[in-house]
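Right, one structure below, let's go through it.
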Amino acid sequence: MSIRFDKQKKRFVINTKHSTYAFEVVMDRYLYHTYYGKRTSVLPDPSYQVISFAPYLEGYDESRSPDVFPQECSFYGSGDFRPNALRLNSDGTGVCDFVYDSYRIFNGRVALDGLPAARADENTRTLEITLRDDVCGCRLKLYYTVFADVDVISRYMVIENVGKSDVKIEKCMPLMLDLNRSDFDMISLYGSHCREVNYQRAPLHHGTQSVYSKRGASSHQYNPFIALCSHNANQERGEVYGFNFVYSGSFLDEVDVDQRGHTRVLMGLGSDCFSYTLGAGERFCSPEAIMTYSSTGIGTMTHHMHDFVRAHILPPSALAPHPVVLNTWEACYFDIDEDRLVQFAKQAAQTGFDMLVMDDGWFGMRNHDRAGLGDWYENKNKFPSGLASFVSKIKAEGIQFGIWVEPEMVNPDSELYRAHPEWALRVNGREPLRSRHQLVLDMSNPDVVDYLIAQFDKTFKGIEIDYFKWDMNRHMSNVGSAAWPEDQQGEIFFRYMKGVYRLFDWFASRFPKAVIETCSGGGGRYDLGMMQQGIQIWTSDNTNPYDRTMIQASALIAYPAATMSCHVSNPHENLRSLDYRYKVAVGGMLGYELNILNMSEEVKRDIAAQIAQYKSFEHLMRAGDYYCLAAPYEYDYSAYYYATPDASELLLTVIEKAGNKKPQTKRLKLKAADPEKTYVDCQTKKQYSGAELRDGLVIDLTCDYDSAHLLHFKAL
Ligand code: GLA
């Protein structure tokens, strides 16, 4: 049983395969967090320490102050001066104080009111803790949903207003974890457009360190994923706690080290971009955040995250081979039309591609990025015989068809905006700021979502679309909605995301055979919320292979390769560069963005061979276990491999970084190889014993820029 309640001790114990999490009800009201770490049956009892200036209830002393012991959830204004998980305003003070009431343990999980959530399986169990605050008239339910096989526990909360008057949620952090130590480094992923997910690691310090987004999207600037690891942690050694948020909008991750050197981790919606008014009888359900623990280094934490994402987040369609696409963007930009793309489809089919993806530029007056967004019907100059006839011509070439959409946006120069200026987010009396010449549609307004549904339904009716690339190319400023009253404007960021998820759900049910690739100017929404909507995410608009090596290595800390869409682009018909770009791109799900009409037969033959080779090992990246040998943010080269769980196949990639001037020899230990097996290198046919591979394979990296190795081993 993954969840137990010890009645005598009033102790809740959650066990995953390798970890234990425990807390107790103390003083008949507080939830004292006692343990999260390596799986154990020996749990510590609560311990108390007197700290002055710590407020307490009558009948107790400073040692029983909520300010000094580790808790499961902390409330603003109720004596815990550390950053709080919940601030609820019923009387103007924001003070709330919930008291333990009851619990329930059940199989499976509950749905999260229109939010993405990890999929349950037959082993999933949930602990529900109910607390109450009779002064503000609310019930609080804390949920712990346990995915024991992959060592992940998720947390989310529901607030029910059972009183008679409105309450306003002013801060909401569904995940809170208190640890009674602070000797950790914090790992986070920062970046910008075209430079996503840079690895950053720094020791914790007293006070609050945070990553966040106030942009309405999880953002290129900070990914919601963070980890805390012991100072000595590396891939194979040390303790690591990993955290992530199943949500795609603004967020806040706070890590605080208090006066006693204890650490509090909070993850959630924060307060800057979030408030929510609950009328009498209403309830609010938060998004969920997840945590995992590893006692054997960062590599194991990564395995937990990868296994969790594949088994519980990605749609089942993501577990089948992903199509190798030829995307038109970097080849054509807006310069597309029916004749040109039918030629693309013919050549693409002959070269072995699975699919042609028609990117931006096919709709409304979209001849450049200053017009057309919002007008979701085909441009008649480019597609004179209509979309349906065009798509049937593409299919007649024997290739699948994908199409680009950016539903959440509108150009002021569009029919939609001229008809409905009030459908763009804006604040009364203020000029709405533009970004990429566009404004953001008010997805918090159900009329806007309904309109988009009706329009896409009309445009795509009867057309067999296999793939949508769903983009989002600006962040939100001046967030205000004409659809909601003044005192609910703080809800717009959150309601926007729920509108977006509703539209995703509609696409999924209306086009059940199609898959979705999500994108936000590359990796601007590279998060678990989006991963549940689509089979993969366009990792970055930056397709330079040197930069991609870095971006992909950092993304892999938290997200499996199955989520990472990686394209070969612009090889300038330079064969060596093409090979190097390909070896970088097969770090994830392969695709191409280049002008196939300009390509020599020789280049097309090379691409056809690459696609065929990729298909022989694609399953390793998509479903295999990932091992990082040398991360490019720590070494002057990149080396990693994938292994099938039964160690029958291994795929090793070694990439030299840009600017490396000296030849080097590396010895790479493939410890996942089975010492009892003999492996053959699929290309050279050379044989190696598993013991040899475990002991170290010697790889020479030349000093020339484009050195890359890809070795596929199969057990005999
Ligand atoms: C974004 C995407 C690109 C492409 C363009 C089209 O930048 O990341 O891949 O689709 O939009 O405008």
Filter result for the condition that a residue is in contact (Cβ under 8 Å) with a residue 12 or more places away in the chain and more than 22 Å from Cys566 (Cβ to Cβ), over Ser188, Ser192: Ser188
If the Cβ limit is 8 Å and pairs must be 6+ apart or interchain, which residue in the stretch 672-688 that is without any contact (Cβ under 8 Å) to a residue 12 or more places away in the chain pairs with which residue that is surrounded by fewer than 16 Cβ atoms within 10 Å (Cβ to Cβ) and of a type in the set (A, V, I, L, M)? Lys686/Val680
How many residues does the stretch 238-256 hold that are open to solvent by 10 Å² or more (accessible area, probe 1.4 Å) and among the hydrophobic types (A, V, I, L, M, F, W, C)? 1
I'd like the residue in the stretch 393-429 that is polar (S, T, N, Q) and either farther than 25 Å from Gly522 by Cβ or out of contact with any strand residue (DSSP E or B) (no Cβ under 6 Å at 6 or more places or on another chain) (or both) and, out of all such residues, is least open to solvent (accessible area, probe 1.4 Å). Ser414
Does the stretch 510-517 contain at least one residue that is within 16 Å of the ligand (Cβ to nearest atom) and either among the aromatic types (Phe, Trp, Tyr) or buried (at least 23 other Cβ atoms within 10 Å of the Cβ) (or both)? yes
Tell me, yes or no, whether the stretch 365-383 has at least one residue that is within 13 Å of the ligand (Cβ to nearest atom) and closer than 18 Å to Leu597 by Cα. no
Considering the stretch 684-716, residues that are among the polar types (S, T, N, Q) and out of contact with any strand residue (DSSP E or B) (no Cβ under 7 Å at 6 or more places or on another chain), and then whichever is least open to solvent (accessible area, probe 1.4 Å), we arrive at Thr702
Pick out, from the stretch 551-663, the strands (runs of 3 or more DSSP E) lying fully within it that include 1 or more residues that are open to solvent by 10 Å² or more (accessible area, probe 1.4 Å) and at pLDDT below 95. 637-643
For residues in the stretch 493-509 being aliphatic (A, V, I, L, M) and surrounded by fewer than 24 Cβ atoms within 10 Å (Cβ to Cβ), which is farthest from the ligand (Cβ to nearest atom)? Ala508
When the stretch 518-545 is examined, which residues are found to be of a type outside the set (Phe, Trp, Tyr), within 11 Å of the ligand (Cβ to nearest atom) and under 17 Å from Glu406 (Cα atoms)? Thr518, Cys519, Ser520, Gly521, Gly522, Gly523, Gly524, Arg525, Ile537, Thr539, Ser540, Asp541
Sort out which residues of the stretch 345-357 are within 16 Å of the ligand (Cβ to nearest atom) and over 14 Å from Ser392 (Cβ atoms), and write them in order of number. Met355, Val357
Taking the stretch 664-708 and keeping residues of a type in the set (D, E, K, R) and in contact with a Gly (Cβ under 7 Å, 6 or more places away or on another chain) leaves Arg667, Lys669, Asp674, Glu676, Lys677
Which numbered condition Pro407 fails, given (1) within 16 Å of the ligand (Cβ to nearest atom); (2) more than 21 Å from Asp447 (Cβ to Cβ); (3) in contact with a helix residue (DSSP H, G or I) (Cβ under 7 Å, 6 or more places away or on another chain); (4) part of a loop (DSSP other than H, G, I, E, B): (2)
Just a yes or no: is a residue in the stretch 572-580 under 24 Å from the mean Cα position of the chain (by Cα) and either within 16 Å of the ligand (Cβ to nearest atom) or in contact (Cβ under 8 Å) with a residue 24 or more places away in the chain (or both)? no
Counting only helices (runs of 4 or more DSSP H) wholly inside the stretch 276-379, the ones holding at least 3 residues that are at negative phi and surrounded by 22 or more Cβ atoms within 10 Å (Cβ to Cβ) are 297-308, 338-351
Among (1) within 15 Å of the ligand (Cβ to nearest atom); (2) over 30 Å from Tyr627 (Cα atoms) - the single one Leu326 does not satisfy: (2)
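Condition check ((1) over 26 Å from Lys461 (Cα atoms); (2) touching a helix residue (DSSP H, G or I) at 6+ places or on another chain (Cβ under 7 Å)) across all residues:
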residue: Ile492; (1), (2): yes, no
residue: Ser509; (1), (2): no, no
residue: Gly521; (1), (2): yes, no
residue: Tyr526; (1), (2): yes, yes
residue: Gly529; (1), (2): yes, no
residue: Gln533; (1), (2): no, yes
residue: Thr539; (1), (2): yes, yes
residue: Tyr559; (1), (2): yes, yes
residue: Ser565; (1), (2): yes, no
Would you confirm, using the coordinates I've provided, whether Phe390 is modelled with pLDDT of 95 or more, part of a loop (DSSP other than H, G, I, E, B), more than 17 Å from Ala483 (Cβ to Cβ) and open to solvent by less than 60 Å² (accessible area, probe 1.4 Å)? no
Return yes when Val680 is open to solvent by 10 Å² or more (accessible area, probe 1.4 Å) and touching a Lys or Arg at 6+ places or on another chain (Cβ under 7 Å) and no when it is not. yes
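The values are calculated or read from the model by the stated rules, or taken from the named source; none is laboratory data. Keep in mind that what you see is a predicted model, and the values were worked out from it rather than measured. Neighbour counts are summed over all protein chains in view; Cβ atoms, including those assigned to glycine, are modelled from backbone coordinates with ideal geometry. Only protein heavy atoms, including side chains, enter the accessible area calculation; ligands, DNA and RNA are left aside. Shrake-Rupley method; radii C 1.70, N 1.55, O 1.52, S 1.80 Å.
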